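**Student:** The structure's right below; bear with me while I get my questions together.
The values are calculated or read from the model by the stated rules, or taken from the named source; none is laboratory data. Here the structure is a predicted model, which means the values were calculated and not measured. All Cβ positions, even for glycine, are placed from backbone atoms using ideal geometry, and neighbour counts span all protein chains on display. Areas reflect the complete protein model, heavy atoms only, side chains present, ligands, DNA and RNA absent. Shrake-Rupley method; radii C 1.70, N 1.55, O 1.52, S 1.80 Å.
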Amino acid sequence: MAVVNKPVIYVVDDDEDERRMVALDLNNRYAERYRILQAASGLDALETMRQLRDESQPVALILSRQNLPDMNGAELLAQANECHPDARRALLTPFSETESAIKAIEKFQLDDYLITPCHPPEQKLYPAVNDLLADWEARTHPPIAGVRIVGSRFSPEAHQIRDFLARNCVPFEWLDIEQDEEARQLLSTDDQKASRLPIVILPDGTQLSQPTEVELAEKIGLKVHPDDNFYDLVIIGGGPAGLASSVYGASEGLHTIMVERRAPGGQAVLSSMIENYLGFPAGLTGADLARRAVAQAKKFEVEIVSPQVVTNLRVDGSSRIVTLSDGSELRCHVVLLATGVEWRRLDVPGLDKLIGAGVYYGGTLAEAFFCRDEDIYIVGGANSAGQAAVSFSRYARTVTMLVRENALSVSMSRYLVDQIESLKNINVRLRTTVVEGHGDQRLEAITVFDAVRGEKETLPTNSLFIFIGALPHTEWVAKVVDTDEHGFILTGPDLARHQSNGHAPRNWPLSRDPFWLESSQPGVFVAGDVRHGSVKRVAAGVGEGATAVQFVHQYLASSER
Ligand SMILES: Cc1cc2nc3c(=O)[nH]c(=O)nc-3n(C[C@H](O)[C@H](O)[C@H](O)COP(=O)(O)OP(=O)(O)OC[C@H]3O[C@@H](n4cnc5c(N)ncnc54)[C@H](O)[C@@H]3O)c2cc1C
């Protein structure tokens, strides 16, 4: 068996002084965990990278000078992607060429650029490299990770565990019982174990058979139960809106807890590349955004409790009381609802029984790894489906988008339409819908209806990813706060608009009107996608989460509660 060495950081630069300086600085900081390799030309670098691929040696990061004598650095990085699709890739560029570097990032989907000279490294090299390496570690499943899952690829339970770990940014190694000799050896001592799959093996050797998310969370060190029973601010939902309000709340002195049902990051974690969030010109993955936001929240001592579902909210005088799925209760002055939205189900025969067994709503990168060299299908024509298609095209042989509309541009941003059109292995079938799923234990084929040709067609596939519109699921809280006809929660002036006389809601007890982000229940605020009229974007959710905290302060300062 080939010995896997430390992951590689590769520096490609024909300017010897610059290359040596960058390599030396990288060695000083990263040599303990990474091997630093160098090349002076693009062709040499490509040859070494092919060798590394053939020897199954991981490459974590490639830094290439933009103008190499034998090829353009961006093209080198694009070609390197074929050998090492997980490697993070960045250009080394002088300030005068920043603009062309930004264009190259867009065109070749690179991760970043670093302005040369990268000195002092503490300011100009290490922060960017730290980010890129953290991103690589979070996305890949390095063998050093520690947590291993043994199971069958098409088992819904195994999918749920992979998804849970991936959403929580916990690296793991996947051992497929159907394909992996090591997986079979691990189980051979006890034939019975096969019926108890999936099994999670923790770094200390503990084996968990078919663990629940809570059991797993406790074992991997997540905080599942709150420390206290009274807080200034309880935030329900850990997506961008909840995370932003937790950072602003705690940093401004509020005793803050955030309760999250699955994993911090919310829907954003499903985004393979957020390209419109301010300050990240190269884009960032939703998982990366969540990882950074969680670190920031923890820095300000936000208590993050997850996985834990909030099942009820009630009011007792000036206290708001929140019930958790384990039956415990939290009391507080103020509640912030940031529960977002969830995918709508595709009502098509044959699909529901195969959820997690080839049919996936959304899809983290954890699933993308399984699609290597396969023909996969994506349902949906909005940005989320477009991002998934681009990201999965790095792994799958072909990606076919099934889109109900006449044109991609109907509901997708131009930058994504351009990317999709430039990728040869993405096919777009317009005016095409899925009408049936086939398979017993796992998805084996789908039948689609092509409205252009007026024909049905059955297509073999093992993977269907569904990205269609979303709903708020606020039934559990609808007896406490007013919602619109779709379940989105009304706040501020929208509450008055929904009253026939244009005044504050009927049972509103205070002399003042509700604040902008306040619900029909004083002291219960709302931010993000779950709010009626919200803009369904990360930046909007973050903005509302931060703004809500201002109103929380005004509410707490007021004598009338
Ligand atoms: C695939 C995809 C790609 C996207 N790409 C982009 C993009 O590129 N740019 C962009 O601006 N936007 C993008 N969006 C939209 C963006 O992610 C959302 O607008 C944003 O996440 C909304 O944030 P939120 O905090 O309001 O809600 P959410 O992100 O939905 O988070 C809500 C959280 O609340 C939790 N929750 C719900 N109910 C409970 C409960 N009862 N108890 C405890 N927790 C609960 C959920 O588990 C979830 O984690 C994308 C969305 C998707 C799905």
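**Student:** Using the Karplus curve 6.51 cos²θ - 1.76 cosθ + 1.60 with θ = phi - 60°, work out ³J(HN,Hα) for each residue of segment 47-54 in order, rounded to whole Hz, and write x for Gly and Pro.
**Tutor:** Per residue, the Karplus-derived 3J(HN,Hα) values read 4, 5, 5, 5, 4, 4, 4, 5 Hz.
**Student:** Over the chain, with the other protein chains present, what is the accessible area per residue in square angstrom, probe 1.4 angstrom?
**Tutor:** For the chain, the solvent-accessible area averages 44 Å² per residue.
**Student:** If you wrap the chain's Cα atoms in a convex hull and average its projection over all directions, what's the area in nm²?
**Tutor:** 28.6 nm²
**Student:** While we're looking at this one, here's another question. List the pairs from K479/K536; K353/K479; K223/K536; K223/K299 whose alpha-carbon separation is above 23 Å, in the order I gave them.
**Tutor:** Over 23 Å apart, Cα to Cα: K479/K536; K353/K479; K223/K536.
**Student:** Give the relative contact order (percent, whole number) for segment 183-271; include only Cα pairs under 8 Å separated by 6+ residues.
**Tutor:** Once normalised by length, the contact order is 20 percent.
**Student:** Restricting the count to DSSP beta bridges whose residues both fall in the chain, what percent are antiparallel, rounded to a multiple of 5?
**Tutor:** The antiparallel proportion sits near 35 percent.
**Student:** Here is a follow-up. Please work out how much length the chain gains when fully extended from D316 to K6, using 0.36 nm per residue of separation minus the C-alpha to C-alpha distance, in nm with one decimal.
**Tutor:** Extra length available between D316 and K6 comes to 105.9 nm.
**Student:** Let me ask something additional. If R0 is 60 Å, what FRET efficiency do you get for R20 and R506 from their C-beta distance, rounded to 0.05?
**Tutor:** Efficiency for this residue pair is about 0.20.
**Student:** Which whole-number percent gives the relative contact order of segment 223-289, counting Cα pairs below 8 Å spaced six or more residues apart?
**Tutor:** Relative contact order comes out at 27 percent.
**Student:** Which percent of the accessible heavy-atom area of the chain goes to carbon and sulfur, probe 1.4 angstrom?
**Tutor:** 49 percent
**Student:** Output the direction-averaged projected area (hull surface divided by four) of the convex hull of the alpha-carbon atoms of segment 295-430, in nm².
**Tutor:** 12.4 nm²
**Student:** Now a separate question. From the helices alone, meaning DSSP H stretches of at least four residues, give me the mean residue ellipticity at 222 nm for the chain, per-run term -39500 (n - 2.57), in deg cm²/dmol to the nearest 500.
**Tutor:** -9000 deg cm²/dmol
**Student:** Can I ask one more? Taking R0 as 35 Å, what's the FRET efficiency between L43 and T212 from their Cβ-Cβ distance, rounded to 0.05?
**Tutor:** So, using R0 = 35 Å, E works out to roughly 0.10.
**Student:** Separate question: Which aspartates and glutamates have a Cα less than 16 Å from the Cα of K298, not counting those fewer than 8 places away in the same chain?
**Tutor:** D227, E252, E260, D288
**Student:** Same structure again: Pop a pseudo-label 7 angstrom from the Cα along the beta-carbon direction at both D70 and D347 and give the gap in nm to one decimal.
**Tutor:** 6.1 nm
**Student:** Here's something else I'd like to know. Just in segment 390-449: which trypsin sites (Lys or Arg not before Pro) are loop by DSSP and have at most 14 other Cβ atoms within 10 Å?
**Tutor:** Filter output for segment 390-449: R397, K424.
**Student:** Which FRET efficiency value, to the nearest 0.05, do you get for D180 and E252 by plugging their Cβ-Cβ distance into 1/(1 + (r/R0)^6) with R0 = 60 Å?
**Tutor:** 0.75
**Student:** Between V535 and D484, 0.36 nm times their residue separation minus their Cα-Cα distance comes to what?
**Tutor:** Extra length available between V535 and D484 comes to 16.8 nm.
**Student:** I would also like to ask the following. What distance in nm separates the simple spin-label points at S56 and H119, each placed 7 Å from Cα in the Cβ direction?
**Tutor:** 4.2 nm
**Student:** With each label point set 7 Å from Cα along the Cα-Cβ vector, what nm distance links E97 and A295?
**Tutor:** My value for the distance between the label points is 2.9 nm.
**Student:** May I pose another question? Which whole-number percentage describes the relative contact order of the chain, with Cα contacts under 8 Å and a sequence gap of 6 or more?
**Tutor:** Relative CO of the chain lands at 10 percent.
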